[in-house]
Amino acid sequence: LMPSFRGKLSESEIDAIVIYLSSLRGPAVEAVPRTREIARVTETLAWMTRPERDREEKPEAVLDALQLRRSDVVADVGAGVGYFTWRIAKRVDRAIAVDIQRSMLRLNEAEAARRGARNIEFRDSGLEANSVDLIFVANAYHEFAEPEKMLEQFRRALKPNGRLVVLEYAKERPGVPVGEAHKMSLAEMRSEIEPAGFVLERILDFLPIQNGLILRKR
């Protein structure tokens, strides 16, 4: 900070400024060699369904930021127990929940039924080419065993000008109670995803413990 600001800002205010500056889009980034550890698939239901999750992850604000149209076809990839799936389904006519863990899909389907969301297709395999308007990946990208291949599949599945949304627990935020392999920095996310054929549209800078990107298919 400039000397004139010393002693005038609290630590939390400084953190907020740093987060805001990090959220500025800036120029496109280049690919760099991936050195991060690929995390094991999360199976901890208590974490996925914790009571404070709404406060920490602001799901409705995230979906508001996407400005979904009713006609959009949205795929929730790595959908887990359906924390975002049923919320997405309330906003569009057709939603798709994708997860390789069938046990998670069963829980997701049960939650959707409880919430009255009947417009969701559940599947444990990939998406057809040119079939979806938006792919939503919340706290799951870091677990993809072959992220480059997944991004290639995403581009193929997205319609022209389709969007990809990725949320990850932020390495930059102190005290996020997940293992290091389950966090990603903004720089890591951008350096992996943008060079794979996506253009950054917006950084979601309002999330307390996550980094969020909205990207468009190039």
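The values are calculated or read from the model by the stated rules, or taken from the named source; none is laboratory data. If you're wondering where the values come from, they're calculated on a predicted model, not measured in any experiment. Glycine also receives a Cβ, built like all others from the backbone with ideal geometry; neighbour counts cover every protein chain displayed. Protein only, heavy atoms only, side chains kept; ligands, DNA and RNA dropped before computing areas. Shrake-Rupley method; radii C 1.70, N 1.55, O 1.52, S 1.80 Å.
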(message) If every alpha-carbon in the stretch 33-127 counts as one equal scatterer, what log10 I(q)/I(0) does Debye give at q = 0.13, 0.19 1/Å?
(response) -0.47, -0.95
(message) Lysine pairs in the chain with Cα distance under 18 Å, only those 8 or more apart or on different chains: how many are there?
(response) 6
(message) Once ligands and nucleic acids are excluded and a 1.4 Å probe is used, how much of S71 is accessible, expressed in Å² to the nearest 10?
(response) 90
(request) State the extension gain, in nm to one decimal, for the chain segment bounded by A113 and E128, taking 0.36 nm per residue of separation less the distance between their alpha-carbons. (result) 2.9 nm
(request) Rounded to the nearest 0.05, what FRET efficiency do E201 and V178 give with R0 = 25 Å and r taken as the Cβ-Cβ distance? Could you check? (result) 0.45
(request) Binning at 10 Å from 0, report for the stretch 110-187 what percent of all alpha-carbon pair distances ends up in each bin. (result) 16, 38, 32, 15
(request) Calculate one ³J(HN,Hα) per residue across the stretch 104-114 by plugging θ = phi - 60° into the Karplus curve 6.51 cos²θ - 1.76 cosθ + 1.60, and present them in order as whole Hz with x for glycine and proline. (result) 5, 4, 5, 5, 4, 5, 5, 5, 4, 5, 5
(message) Modelling each spin label as a point 7 Å along the Cα-to-Cβ direction, I'd like the N161/R36 distance in nm, to one decimal.
(response) 3.0
(message) Could you tell me the extents of the stretch 80-146's C-alpha atoms along the three principal axes, largest first, rounded to whole Å?
(response) 35, 27, 18
(message) Quick check on the chain: helices-only [θ] at 222 nm, where DSSP H runs of length 4 and up contribute -39,500 (n - 2.57) each and the sum goes over total residues. Nearest 500, please.
(response) -8500 deg cm²/dmol
(message) Per residue, how large is the accessible surface of the chain? Use a 1.4 angstrom probe and give square angstrom.
(response) 52
(request) Heavy atoms only, probe 1.4 Å: what % of the accessible area of the chain goes to carbon and sulfur, would you let me know? (result) 53
(message) Compute the helix-to-body angle for 147-157: its Cα long axis versus the longest principal axis of the chain, expressed 0 to 90° and rounded to tens.
(response) 60
(message) Less than 12 Å Cβ to Cβ from S185, Lys/Arg counted +1 and Asp/Glu -1: what total charge do the surrounding residues give?
(response) 0
(request) Please grab the % of Cα pairs in the chain that end up more than 23 Å from each other. (result) 46
(request) Name the long-range amide H neighbours of E201: under 5 Å, sequence gap of 5 or more, or other chain; modelled H, no Pro or chain starts. (result) I214, L215, R216
